[in-house]
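> I'd like to ask you about the structure that follows.
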Amino acid sequence: LAFLPPDRLAREGAEARLVLVDEAAAIPAPLLARLLQRHARLAFATTVHGYEGTGRGFDLRFGPLLEARSRGVHRVRLETPVRWAPGDPVEGLVFRALLLDAEPAPAEAAAAAAARARPAREDREALADDEPRLAQVFGLLVQAHYRTRPFDLRCLLDGPNLAVWTAAAGGTVVATALVADEGGFDEAAARRIWAGLRRPHGHLVPESLAVHLGLEAGARLRCARIMRIAVHPAARRRGLGLRLVEAVAADAAARGLELAGTAFGAAPELVAFWRRAGFVPVRVGVRRGTASGAHAVLMLRPLAPAGETLAREARAAFVRRLPAQLADPLRGLEPALAAALLAGGPADWERVAAAGWGQPAAFAFGHRGYEECLDALRPLAAAALADPGLAGVLDAGARTLLVAKVLQGRPWAEAAAAAGLPGRAAAQAALRAALRPVLLARGGEAVRRTLARLRAAGVPFPDDRHAGDADASEPGEPLR
């Protein structure tokens, strides 16, 4: 037997007759999908109940993909306890006392209640006395989040600065969120946090803003961090999660908080959800989580003018920093995720102009070599991915190529495979085609001069028919 971290195994593969994935619920579904694509014989193991966490969310998220992409799936369930005898009374007592056997509401009841559910902040004392309702709330968290621990139950009931929100109809809870109030440090404390001399427990967003982003004001502002959110599987795709987030944000703003924030293991679909809720990415961790194999992402939503200023500054710094990180510590970040994090701006077209439009135009419309234009192509790729006005111009394959080849500098064969193309020639042709409408929409007179010179030299190249596909107005403001 040989052990490999899941992200390395998915990235590099291994010569193996059988791949065993333990506690698979801890690993993001996209990473599991890549393992499934690389290896013919795999065994996924995960815990359903107990201190190790839950695999029910794994089955909901990954089960359909597993069935669709596998020729045969054999399910084996271990029922006999290993650590104690079957029917051990202590096991039953511990499970009941710590809600380790908590279940959400039945699917039929949740589906019926979804249309009538309304978001509200729970009275935690009343919730502690209402065991059936508490079990539904905790059951949703157990199902949605890997390694929900008994300690989480304690925090839910009496954690300082913590609020429990639910969307419920009658006695049926269909969604829940845990929200922590963070920040609000005085100037002296904020300065010590910024300098790395103090690490306040339970203040993830303010600490990250001050320490990692260098924004001392991030520790002074008050923030509502949505720690966890879960929607019943039978009530999903109905906007309940977004309504719950909106209620939390409105309550925080009414209480005078300046920011809402959240941090989670990054995946494109999760980033898209929080985007729809008005949040923008401002940081991504450069290392993958040991257990999850995912990079953590921090997202913010401003709730007041001071929060707006800080979020705009944090977002602009992130969009400047991420392309450089993609060339080094984040070279293995999934291209679709990188593109999702950059999308929405702000796009730095001034940097593109400073690097020059001529070389990229000669590459896209002429025969200039890729390697000779790289210094100008990198800022162009970053701006194109960030500009909301170009969102309809770049398809998924184009975004993948811009990230994998231009920003991450992967070998042509690897970048081509990521974009679903057969090799270097196809990838280079696709990259040229992707850049043409971008250059026509944003390059102005500088690009037109290069095109005129190419025409005069007799270089054949495609016409300008794609120019109208993009929003040729000024690059848009960052999305919120």
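The values are calculated or read from the model by the stated rules, or taken from the named source; none is laboratory data. From a predicted model like this one, the values you see are computed outputs, not experimental measurements. In this analysis, Cβ positions are derived from the backbone assuming ideal geometry, glycine residues included, and neighbour counts consider all displayed protein chains.
> Of the residues 101, 88, only one is at pLDDT 85 or above and of a type in the set (Asp, Glu); which?
Of 101, 88, the one residue that is at pLDDT 85 or above and of a type in the set (Asp, Glu) is 88.
> Quickly run through the range 263-277 and pick out the residues that are touching a strand residue (DSSP E or B) at 6+ places or on another chain (Cβ under 8 Å) and without any contact (Cβ under 8 Å) to a residue 40 or more places away in the chain.
The answer is 264, 270, 274, 277.
> Can you tell me which condition residue 253 does not meet? The list is (1) more than 18 Å from residue 182 (Cα to Cα); (2) touching a residue at least 12 places away in the same chain (Cβ under 8 Å), and all the others hold.
The single condition residue 253 does not satisfy is (1).
> For the subset of the range 420-452 comprising residues that are within 14 Å of residue 357 (Cβ to Cβ) and among the charged types (D, E, K, R), which member is surrounded by the most Cβ atoms within 10 Å (Cβ to Cβ)?
Looking at residues that are within 14 Å of residue 357 (Cβ to Cβ) and among the charged types (D, E, K, R), I get 442.
> Looking at the range 388-454, what helices (runs of 4 or more DSSP H) fall wholly within it and have at least 1 residues that are under 15 Å from residue 340 (Cα atoms)?
Helices (runs of 4 or more DSSP H) meeting the threshold: 396-401.
> Scanning for something modelled with pLDDT of 80 or more, assigned by TED's automatic domain parsing to the domain that holds residue 16 and either part of a loop (DSSP other than H, G, I, E, B) or of a type in the set (Lys, Arg) (or both), does the range 47-69 turn up at least one residue?
Within the range 47-69, not a single residue is modelled with pLDDT of 80 or more, assigned by TED's automatic domain parsing to the domain that holds residue 16 and either part of a loop (DSSP other than H, G, I, E, B) or of a type in the set (Lys, Arg) (or both).
> Also, quick follow-up: Residue by residue through the range 250-269, note down the ones that are small (Gly, Ala, Ser), part of a loop (DSSP other than H, G, I, E, B) and surrounded by 24 or more Cβ atoms within 10 Å (Cβ to Cβ). Reasoning before the result, please.
Narrowing the range 250-269 to residues small (Gly, Ala, Ser): 250, 252-254, 256, 260-261, 263, 265-267.
Going one step further and asking which of them are part of a loop (DSSP other than H, G, I, E, B), we end up with 256, 266-267.
Scanning the range 250-269 gives a single hit, 266.
> Just one of the numbered conditions (1) closer than 24 Å to residue 307 by Cα; (2) touching a residue at least 24 places away in the same chain (Cβ under 8 Å); (3) not small (Gly, Ala, Ser) is not true of residue 203; which one?
(2)
> Quick test for you: out of 272, 188, 247, 219, pick the one residue that is touching a Phe, Trp or Tyr at 6+ places or on another chain (Cβ under 6 Å) and either of a type in the set (Lys, Arg) or assigned to a helix (DSSP H, G or I) (or both).
219
> Please determine, by comparing only the residues of the range 337-352 that are buried (at least 17 other Cβ atoms within 10 Å of the Cβ) and assigned to a helix (DSSP H, G or I), which one is farthest from the chain's Cα centre (by Cα). Lay out the reasoning, then the answer.
Step one: of the range 337-352, the residues buried (at least 17 other Cβ atoms within 10 Å of the Cβ) are 337-349, 352.
Then drop every residue that is not assigned to a helix (DSSP H, G or I), which leaves 337-342, 349, 352.
On the way: 337: 7, 338: 9, 339: 11, 340: 8, 341: 8, 342: 12, 349: 26, 352: 27 Å.
For the range 337-352, the residue satisfying everything is 352.
> Among the residues that make up the range 120-133, is at least one of them surrounded by 21 or more Cβ atoms within 10 Å (Cβ to Cβ) and either of a type in the set (A, V, I, L, M, F, W, C) or modelled with pLDDT under 95 (or both)?
No, because not a single residue in the range 120-133 is surrounded by 21 or more Cβ atoms within 10 Å (Cβ to Cβ) and either of a type in the set (A, V, I, L, M, F, W, C) or modelled with pLDDT under 95 (or both).
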